[in-house]
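Each value in this text was obtained by applying a stated rule to the coordinates, not by laboratory testing. Please read all numbers here as calculations on a predicted model, not as lab measurements. Every residue, glycine among them, receives a Cβ derived from its backbone with ideal geometry; neighbour counts consider all protein chains shown.
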């Protein structure tokens, strides 16, 4: 009975540990580091599975089979690891959480039957992806919701303040605003024209959705959607007469999810970078 209890606790402990880590393997053709189409599709399905998680770190390890010189295999395994990182990046995953991208070289073939050799070598030509989520997930602090125009008019506004453009939302896969967002953008532009003492950075974000990807700009087919959303706002404000020297725009990828409905992560925020000591008088 005592042994049974020990085995039971070990099994429970293993299950808990397994839930904190997700893995995926991508397989390659001989001497190749380009991801095969079928493997690319499998990887995209895996990305859809993990993109809603609060991820602490991602490790990517490349391998080859036992053939070839050590130096050749190290280079090839690193190229395979790099290829997978590129796919993560192209799908707007935060690169700062990818802590390891390493080529490990060859995996030695162990005691196997001769007829299994090609199959075993095929399984060794791979990249292993290890995803470590926060366990438990962190509490994501929701930004305080304020009227955008009123926030920008505030005399206490200072460098480092961030303003969530609450009603400026985008269609999945596009840098085009939803119709209900136009009014908020117009109000923001009117205030920014008046407040010539404010310098700011426009930060674009993308979201995580289970059934449709929010990384590729479906209009341009480019993988820079968070940047495209920020530039959309930048171009609009420039047309309204706001000096481009006061503005910058950047893509924030998926670095800062809000933890609510996906549509609220398809957003833009304003980071105040400088506020003059006195407003310019008319």
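A few notes on this one:
- Note on segment 149-166 and segment 61-132: Cα centroid distance 47 Å, given to the nearest whole angstrom.
- Packing, taken as the mean count of other beta carbons within 10 Å per residue, orders the peptides 61-69, 28-36 from highest to lowest as 61-69, 28-36.
- In Å, descending, principal axis extents of the Cα set of segment 19-133: 44, 26, 26
- Packing-based order for 93-106, 150-163, using average beta carbon neighbours within 10 Å, highest first: 93-106, 150-163
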